[in-house]
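Working notes for the structure below.
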Amino acid sequence: MVRMSAEERRESVIRAATAEFARGGYYGTSTEAIAKRVGVSQPYLFRLFPGKKALFLAVAQRCMEDTVRTFRQAAEGLEGEEALHAMANAYTEAIAEQPEQLLMQMQMYVAVAAAEQAGDRELGEEVRAGWMRLWDTVHLPLGADAEETTTFMAYGMLINCLVAMGFPPGHRVWEGLYPSALIKGRLEK
C-alpha cells in the first residue's frame, strides 16, 4: 500500500470536508464525521488543520477558487455578451456536475450569518474576500460595468437558490434566465 504525502492527505481531507460541510453545514458537521469519511483519526485531522474553523475556511477558499477558475477559463479571450454567456454556461454546468460545490457555497453564506450573529467576523471576512475575487473575475470580461456585473452575480445567486430548493427543469421559475444558464436535461426550460 502506497502512503499518501501530507499534501495528498490534506487534499483528501478537503474533499471529504467539502462533502460533509455541504451536507451538514458548519455547525451541523463534526470533525469526527470528516475524519471518519477520509479514514484518519481526529488527532491527525488536527495536525493538518488546527481546528474545525480552519478546515471550514480551507474548504470555503477552495470552493471560491474553483468558481473563480471556472469563470476565468470560460471567459478567456472573450468579452461582453460572449463572456457573459460562456461564464453562465460554465457555472451552470459546474454546479450541475458537482452539486457539493453549490451546496458548500450555500452553507458558507449561512455560516457567515450565524457566526457574525455570535460575534465571530472571521468567517465573514474570508467569505466576503472570496466573493470579491469572484466579482473581480467577472467584472472585466463584462466590460467593467458594475450594473452588468451585479446582474450576472444576481442571476448566479438566483440559480443557486433555485437549484438548492430543487426546482425541476421546465418549472416556470426558470423563465427569464439567460439561455446559456440553462443546461439540457438539468436546468433547461
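The calculated FRET efficiency for the pair residue 164 and residue 125, based on their C-beta separation and a Förster distance of 30 Å, comes to about 0.80.
In the list [x] 39; [y] 48; [z] 56, the label attached to percent of Cα pairs over 23 Å apart as derived from the coordinates here is [y].
Go ahead and run the numbers for FRET between residue 36 and residue 154, Cβ-Cβ distance against an R0 of 41 Å, rounding to 0.05.
Working: r = 39 Å, r/R0 = 0.94.
With a Förster radius of 41 Å, E is 0.60.
Rounded, prolate or oblate: pick one for the range 74-182, where a ≥ b ≥ c are the square roots of the eigenvalues of its C-alpha gyration tensor, a/c under 1.5 means rounded, and failing that, prolate if a/b is larger than b/c, else oblate.
Numbers: a/c = 2.14, a/b = 1.26, b/c = 1.70.
Note, shape of the range 74-182 comes out oblate.
Amide H contacts of residue 142 (H built 1.01 Å from N, in plane; Pro and chain starts excluded): 80 sit under 5 Å, all sequence-distant by 5 or more or on other chains. Working from label points 7 Å from Cα in the Cα-to-Cβ sense, the residue 113 to residue 93 distance is 3.2 nm. Can you give me the C-alpha center-to-center distance between the range 10-62 and the range 109-168, rounded to a whole angstrom? Between the Cα centre of the range 10-62 and that of the range 109-168, the gap is 22 Å.
How large is the Kirkwood hydrodynamic radius of the range 1-99, counting all unique pairs of alpha carbons, in Å? Hydrodynamic radius (Kirkwood, Cα only) of the range 1-99 equals 15.0 Å.
Taking 116, 79 and ordering them by how much accessible surface each has at a 1.4 Å probe, largest first, produces 79, 116. When only the Cβ of Lys, Arg, Asp and Glu is charged (+1, +1, -1, -1), the dipole of the chain relative to its Cα centre reaches about 1000 debye. Remark: the range 27-85 carries a charge dipole of roughly 680 debye about the Cα centre, counting +1 on each Lys and Arg Cβ and -1 on each Asp and Glu Cβ.
The order of 32, 8 by accessible area, most exposed first and with a 1.4 Å probe, is 32, 8.
Computed 3J(HN,Hα) for the range 127-134, one whole-Hz value per residue from the Karplus formula 6.51 cos²θ - 1.76 cosθ + 1.60 where θ = phi - 60°, is 5, 5, 4, x, 4, 5, 5, 4, glycine and proline marked x.
When only C-alpha pairs under 8 Å and at least 6 residues apart count, what is the relative contact order of the range 49-189, in percent? It would help to have the intermediate numbers written out before the result.
Working: 127 pairs, mean separation 40.7, N = 141.
Reported as a whole number, the value is 29 percent.
Once both labels are positioned 7 Å from their Cα atoms along Cα-to-Cβ, the gap between residue 65 and residue 132 label points is 1.9 nm.
Rounded to the nearest 500, what is the chain's calculated 222 nm mean residue ellipticity when only DSSP H runs of at least 4 contribute -39500 (n - 2.57) each, over all residues? List each step's numbers first, then the result.
Values: 8 runs with 133 residues, N = 189.
Helix contribution divided over all residues of the chain: -23500 deg cm²/dmol.
The values are calculated or read from the model by the stated rules, or taken from the named source; none is laboratory data. Just so it is clear, the model here is predicted, and its values are computed rather than measured. All Cβ positions, even for glycine, are placed from backbone atoms using ideal geometry, and neighbour counts span all protein chains on display. Accessible surface is based on the protein model in full, side chains and every heavy atom, while ligands, DNA and RNA are left aside. Shrake-Rupley method; radii C 1.70, N 1.55, O 1.52, S 1.80 Å.
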